[in-house]
Every structure is written in C-alpha cells, then in structure tokens.
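Only one structure is covered here, and it is reproduced in the block below.
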Amino acid sequence: MFPKSNFVLPPLLEANQLHEILKEKNFDQNYRVIEAFFSDKFHQNFDQEHVPKAIYFDALHGADSNDYIPKNIPSVEKFEEYVGFLGISNEHHVIIYDRSENGFLVSGRAWYLFKMFGHEKVSILNGGLSFWKKSKFDLTNDLFSPTKTKFKANYNKNMIRNFEDIQNNIKTKEMVLIDSRESESFNKVHPEKGIKEHIPNSVNIPYSSLFDLENALLKNPSELKKLFENNDVDLNRPMIISCMFGVRSCTTAFAAHLSGAKSFSLYPGSWNEYHQKIKE
C-alpha cells in the first residue's frame, strides 16, 4: 500500500496542478475527482468525455426540494450514504469541477455541501472542464468506479439560514447580507409597489464580478478581497449569502473564503423563497 500524502492542496486548484496530481502513484488512495451537476440526466455528457479518474456527482441527490427551495440541500444521512456509495471517504481530498462557462456554477454548490458537512479537504478546479480542455489536457470516456466506502459527516448547522433568520437579521443587522444576482435583477423595481426587488439591507456582489472575463477563471484572492472591500463588506463580520435559488451564492461564499472571511452562511431559499413568503 502506498503511503498517504501529507501535502495539503489549496482550495483553488489550477489545471496544471491537477494534471500533475493525476500522475501520482497513490492518487486513488488520496484523492477523488468529481464532476458536479444537478440531477443525473446529464450523465451522458460525462460518459462521452471527462477528466481522468472523475466520478459523476449529482449535487441535488437526496435534496428535499419544493416550490420555495427548488435546489435544496440533502439531509446528513442522505449525503453520507451517497458520498460513501461513490467511493469517497473522509480521508480523500475531493477535487471538484463542472461544465459551466467558468467552472463554478455547480462546483461552488458541491464545495459548499462538503464544507457544510465537515469535509475540509476539498478544492475546486479553476476554470472547470472548459479550461482543462483549453489547456489540452487528457480527457477520457473510461469510467472510474471505486469501491463503496463509508463517509461520516459533521454537519455545521450555522452554515445554513432560513427565512426566519433573514427576517430577524433585517432587524438586527448582525450579519452582512450579500446578494449574488446580477445587478439588473438586484436593482429591478417592482412595477406596482415601486420598491427594488431584493432583500432589505443587502449588498450586491454579482456572480459575474467574481471572474476574470478575459480568461474565464476566478479572480485571484487579492482581487476578490478588494471586490468585497470595495462593496464595504467587512470580512471579519458574519455574512449570509443569497442569490435567486441558492446556487451562485455558493461560489460567492467560496470567494469570501479565499478572501479570508471568518464566517459565512447560505440562504438556500434565496430571493425565490423570500419574495413568495413576504406576499403571504
């Protein structure tokens, strides 16, 4: 048996770094690469080509979704069962990528799930599959099926907020509210009420502003930190991050993490739930 790796990967992993890691003799023992998407119906794209050693990961598996929260999070038990079934243990460092334009749309949510369930050894591949292909690195249609194992979660309930938490925070202003929707959605004015369609006291940091649009990669940590500071976000204060459906906001949480944020949480219902419930 090969020895376990003592090298800790950074949260943001570059394509050339993964390319080298895949060459390690003890890769299977130390790492798992997952391609994240919502639902299993896009598995055929994965089957045609994917990063070597990758496993398909449904980021909505086991989620108890509803009209308020169409992209909800799974229970602890369902997440443990699913991750273990995929052959991912607590000992593996998980490397996530997806097929979106910048490689973060679903990867961010998958990263958040692993972090929320107590798995610290997790990274996102910068640029996702798109930049991997631009870099001319290998693709395969070989399916890697590791043996089913056991994964034990350590759920951090403080990383999730609900509608009541938002209502309370509007009054107390204890935590910074960040909305990751694009500016046109954030600043949209309700045609009848004449008020802007976002949660009161929210700060708008659009999802698109997290990326260097020239190379379709996430901005570096110093640029991301400046982005938060330019929007008067104190990274030492706890924050609640939302968007439309609680997906893009996960990448904003990842950016905050890279920038040195001390405490962040996700509002899975986001504006979709909030605007429905305030009408009730």
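The values are calculated or read from the model by the stated rules, or taken from the named source; none is laboratory data. Keep in mind it's a predicted model, so treat the numbers as computed, not measured. Glycine also receives a Cβ, built like all others from the backbone with ideal geometry; neighbour counts cover every protein chain displayed. We work out accessible area using only protein heavy atoms, side chains counted, and drop any ligands, DNA or RNA first. Shrake-Rupley method; radii C 1.70, N 1.55, O 1.52, S 1.80 Å.
Taking the conditions exactly as written (more than 17 Å from TYR267 (Cα to Cα), in a loop (DSSP other than H, G, I, E, B) and among the polar types (S, T, N, Q)), does SER185 satisfy them or not? Answer is no for this residue. Within the set of pairs 6+ apart or on separate chains, which have a first residue in the range 211-228 that is farther than 14 Å from PHE104 by Cα and hydroxyl-bearing (Ser, Thr, Tyr), a second that is open to solvent by less than 70 Å² (accessible area, probe 1.4 Å) and part of a loop (DSSP other than H, G, I, E, B), and C-beta atoms under 9 Å apart? These pairs meet every condition: SER222/SER259. Which residues, counting only those in the range 229-240, are over 12 Å from GLY269 (Cβ atoms) and touching a residue at least 24 places away in the same chain (Cβ under 8 Å)? ASN231, ASP232, VAL233, ASP234, LEU235, ASN236, ARG237, PRO238, MET239, listed by residue number. Checking the structure you have, find out if any residue of the range 81-94 is on the phi > 0 side of the Ramachandran plot, more than 14 Å from the chain's Cα centre (by Cα) and in contact (Cβ under 8 Å) with a residue 60 or more places away in the chain. Looking for residues that are on the phi > 0 side of the Ramachandran plot, more than 14 Å from the chain's Cα centre (by Cα) and in contact (Cβ under 8 Å) with a residue 60 or more places away in the chain, one finds at least one in the range 81-94, hence yes.
Picking from residues in the range 223-280 that are basic (Lys, Arg) and within 19 Å of the chain's Cα centre (by Cα), the one that is modelled with the lowest pLDDT is LYS262.
For the range 22-51, residues that are within 18 Å of LEU129 (Cα to Cα), in a helix (DSSP H, G or I) and touching a residue at least 24 places away in the same chain (Cβ under 8 Å) total 3.
Screening the range 123-144 for residues that are outside any helix (DSSP H, G or I) and of a type in the set (A, V, I, L, M) and picking the one that is surrounded by the fewest Cβ atoms within 10 Å (Cβ to Cβ) gives LEU143. Report whether or not PHE228 is among the aromatic types (Phe, Trp, Tyr), in contact with a strand residue (DSSP E or B) (Cβ under 9 Å, 6 or more places away or on another chain) and buried (at least 23 other Cβ atoms within 10 Å of the Cβ). Taking the combined requirement at face value, the residue does not satisfy it.
Residues in the range 90-114 that are farther than 17 Å from SER180 by Cβ and open to solvent by 20 Å² or more (accessible area, probe 1.4 Å): 3 in all. For the range 145-159, which positions are open to solvent by 30 Å² or more (accessible area, probe 1.4 Å) and in contact (Cβ under 8 Å) with a residue 24 or more places away in the chain? Across the range 145-159, the qualifying residues are SER145, THR147, LYS148, THR149, LYS150, LYS152, ASN154, TYR155, ASN156, ASN158. For LYS41, the conditions (1) among the charged types (D, E, K, R); (2) closer than 16 Å to MET116 by Cα; (3) modelled with pLDDT under 95 all hold with the exception of (2).
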